[in-house]
Amino acid sequence: MRFKHIIGLLCAASISVMLAGHAFAQEKTVKIGAVYPLSGNAASAGVHAKAAIEVAMDIINNPHPEFGNFPLAKNAGLAGLGGAKVEVVFADNQGSPATGQNQALRLITEEKVVALTGSYQSGITLTASAIAEKYGIPFVNGESVAANLTERGFKWFFRVTPVAADFAKIYYEFLKDMKAAGVKTDSVALVHDNTEYGTSVSSVITSVFKDNGQSIALDIAYAVNATDVQSQILQLKEKKPDVVIMIAYASDAILYAKTMQALDYKPPMIIADDSGYSDPSFIKSVGKISQGVLNRSSWSVGPPGSPTALIAEMYKKKSGDEMDDTAGRQMQAFFVLCGAIDRAGSTDPAKIQAALKATDLKPDQLMMGYKGIKFDEKGQNVLASGLVIQLQDGENYVAVWPKANAEKTPVLPYKGW
Amino acid sequence: MSSILVQVIVGGLLLGAVYALFSSGLTLVWGMMNIVNFAHGDFVMLGMYVAFVVWTLFGAGPWAGAPLAALVLATLGVVVYFGLIRDIMKGPMLAQILGTFGLALLLRYSVFWWFGANFLSLPENLVGGTFEVAGLRIQASRLLAGAVALLVTLGLHLLLTRTSLGSKMLAVAEDSTAAQLMGIRPDTMQAIAWAIAAGATGLAGALIATFFYIVPTVGETLGIVAFVTVSLGGFGSVPGALVAGLLIGVIESLSGYLIGPVYKDMVVYSLFLGFLWFRPQGLMGKS
């Protein structure tokens, strides 16, 4: 009996020593939670997001003098915290708002993360960030564009990406320029799914266009992850709009491309609102039958040797795919968050929050083509901006608008296949 | 009738035939042994991946991919029967449901692990592209799937009603103890039923892959339609699945076009529920 007790005590002692040692080793790391759709229908996007974050971690945690003055790259770890390494705990939202919320809760209460990023789908960012708000943990989002995310009076939510209203303005200005160049842009049709993303982006585009005296001729809503989209295409075919704006995730975007070809429907102009149309697997599987589709982006590879080109190279090595706008915006948000932790010099959520509020990054400190990063009182980056790109050869998007940033001139009408 | 409306209806019929095609396996398994196979959608998914692999490795279209998918899935069906179904059938209903559900997740995430999460796709003109008849656009790949759907339905129906193998299978389904007394081995018959059902499902997957995207979770999207088709057609009725598939396809297309795509599922499901209220056994199911 006595011997057993001694053994037991010894075990307990050794476990506590191990735990203490573990805790000691952990002091040098900063734990950040990342909620992404790693399974489910948007898993393709989630897996690419994970690769993007891992590349950013590499840049932050290891010395990368080749990046020049790019923030956080030069030395190993976060200088503000004595070279502490950044550790990311990934969680799978499975494409469901409820799961995303539970995962955020788990990351905060069990993994004790000091900040969160994610969650791709606007509808899931909505629920996951509500938990962060409740627990007073900063949530930095890089890619969700639904307007209401920053209209909730949240104090802990920061959004780096341009939002639907910014893009709606870009689309409007772009169409105005095209019209001036003699392209017919009078009737505009919107096709969007019924998720948070689809409904909010389409309603913002509708109102921005309406404010500028342009009405939307046709608004087609459909249920996400459709098994068939023939009726949508036939409605378009009958109404013959000059411009079709597509707001869809990858699964539906691919089906649209295939069905358009099958039903021989080519609108004079298609503008895609990022997401599905920027997914590398969209370009790989149906890029060749979607030649000439216009899209929005804030990402551009830049000249060889530049930080963006280096990032693109690292990302390609990690994921096997070309860097795209969505992955880039996610990575940018992660850099913003880590930069704030670095400046805060602390893992105290309130100090990180204060540092985020004080963020003031200039274009040369960014990997994305924003005019800078500065948050308003709602947590929205007021300097976010973007450009119009076109899938001219069916393989790579090139910048076509505005003229100052254009690599090529827009080719119209839509070519398709 | 406007030509677009005709196109909507023809499109709906072709879509419906595809629904019927991937539902026949599900209804057969139910008819034979009262088991709802929740892994059905993932069987379709596996068939799609077989077609994709055959195309990537050999550059061959569904002429090679579809029979091979049928063969691979039929083998899997037998393995699943002896490795899982035979045992869980002895357990409570919940074990049966969760057993096939677990199988579904296992298949889905194995494919996810092996192929990754990217959307894949076969070339658009693998089955002769699209042709035009009297102003109607018809996709050859969908037409092929539709034609095979009719053949599979007819074949399964004849097998069950006109052959001794079919009679034996039905005898086991009716009363397996009595069938055993007549010298029929229930195990063999049920394994054959699983092979045929899974084989037909694999065939369906390979054909659907010619006009749909391929992704590990595609079974989720397609599976639900199969369940609705089978319960509308009557659980266990192969011709019922065909009629139900066509009906759902046309109703979906018409309501999507006339009312709006976002409402089409509401229309289909409310009609479906309304119908089941009057006739819970489905169109052609036994009461």
**Request:** Please find, in a Gaussian network model of chain A (springs between Cα atoms separated by less than 10 Å), the residue of A:PRO138, A:PRO37, A:PRO303 whose mean-square fluctuation is greatest.
**Result:** A:PRO303
**Asked** Roughly how crowded by other chains is peptide B:255-267, in terms of the mean Cβ count from those chains within 10 Å of each of its Cβ atoms?
**Response** 5
**Request:** Quickly work out the B:LEU71-to-B:TYR263 label distance, labels modelled 7 Å from Cα along the C-beta direction, and quote it in nm with one decimal.
**Result:** 5.0 nm
**Prompt:** For A:ASP211 and A:THR109, what does the FRET efficiency come to when R0 = 51 Å and r is the distance between their Cβ atoms, rounded to the nearest 0.05?
**Reply:** 0.70
**Asked** What share of all Cα pairs of the protein assembly as shown, in percent, falls into each consecutive 20 Å distance bin?
**Response** 17, 45, 30, 8, 0
**Request:** Give the whole-number value, in cubic angstrom per residue, of the convex hull volume spanned by the C-alpha atoms of the stretch A:328-417.
**Result:** 124 Å³
**Item:** Shielding by other protein chains, B:106-119, mean Cβ within 10 Å
**Value:** 4
**Request:** Positive end of the charge dipole of chain B (Lys, Arg +1 and Asp, Glu -1 on Cβ, about the Cα centre): tell me which of B:THR130, B:ALA193, B:SER176 has its Cα farthest that way.
**Result:** B:SER176
**Item:** Computed over the stretch B:212-280, the ratio Rg/Rh where both radii use C-alpha atoms and Rh is Kirkwood
**Value:** 1.00
**Message:** Counting other C-beta atoms within 10 Å, and keeping those with at most 15, which DSSP coil trypsin sites (Lys or Arg not before Pro) do you find in the stretch A:134-185?
**Reply:** A:ARG152, A:LYS155, A:LYS184
**Residues of the stretch B:215-254 with amide N under 15 Å of the 7 Å Cα→Cβ point at B:PHE278** = B:232-233
**Request:** At 0.36 nm per residue, minus the direct Cα-Cα distance, what do B:LEU105 and B:LEU154 gain on full extension? Give it in nm, one decimal, please.
**Result:** 14.5 nm
**Item:** Rotationally averaged projected area of the stretch A:259-417 (alpha carbon convex hull; nm²)
**Value:** 11.0 nm²
**Asked** What's the center-to-center distance, using Cα atoms, between the stretch A:28-85 and the stretch B:48-118 in Å?
**Response** 37 Å
**Asked** Over the alpha carbons of the stretch A:227-343, what is the largest minus smallest coordinate on each principal axis, giving the biggest first in Å?
**Response** 56, 27, 25
**Prompt:** If you add up the charges near A:LYS210, with Lys and Arg at +1 and Asp and Glu at -1, over every other residue whose beta carbon is less than 14 angstrom from its beta carbon, what do you get?
**Reply:** -1
**Message:** Taking every DSSP beta bridge with both residues inside chain A, roughly what % is antiparallel (nearest 5)?
**Reply:** 25 percent
**Prompt:** What residue among A:LEU105, A:LEU337, A:LEU294 has the largest mean-square fluctuation in a Gaussian network model of chain A, using Cα springs under 10 Å?
**Reply:** A:LEU105
**Message:** Can you find, among A:ALA312, A:THR227, A:ALA217, the residue sitting farthest towards the positive end of the charge dipole of chain A, where Lys and Arg contribute +1 and Asp and Glu -1 at Cβ?
**Reply:** A:ALA312
**Prompt:** Roughly how crowded by other chains is peptide B:126-132, in terms of the mean Cβ count from those chains within 10 Å of each of its Cβ atoms?
**Reply:** 1
**In sequence order, calculated HN-Hα J values of the stretch A:280-291 (Karplus, 6.51, -1.76, 1.60; Hz; x Gly/Pro)** = x, 6, 5, 5, 5, 8, 10, x, 5, 9, 10, 5
**Prompt:** Counting only Cα, what are the radius of gyration and maximum Cα-Cα distance Dmax of chain A, in Å?
**Reply:** 23.0, 95
**Request:** Give the dimensionless ratio obtained when the Cα radius of gyration of the stretch B:1-76 is divided by 2.2 N^0.38 Å.
**Result:** 1.40
**Prompt:** Antiparallel DSSP bridges in the protein assembly as shown: what percent, to the nearest 5?
**Reply:** 30 percent
**Request:** Wrap a convex hull around the Cα atoms of chain B, take a quarter of its surface area, and give that in square nanometres.
**Result:** 15.8 nm²
**Request:** Would you mind counting up the charge near A:ASN381? Only other residues with Cβ under 14 Å from its Cβ, with Lys and Arg at +1 and Asp and Glu at -1.
**Result:** +2
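Taken together, the values in this text are just the output of simple stated rules run on the coordinates, not laboratory data. Not measured: the values here are computed from a predicted model. Every residue, glycine among them, receives a Cβ derived from its backbone with ideal geometry; neighbour counts consider all protein chains shown.
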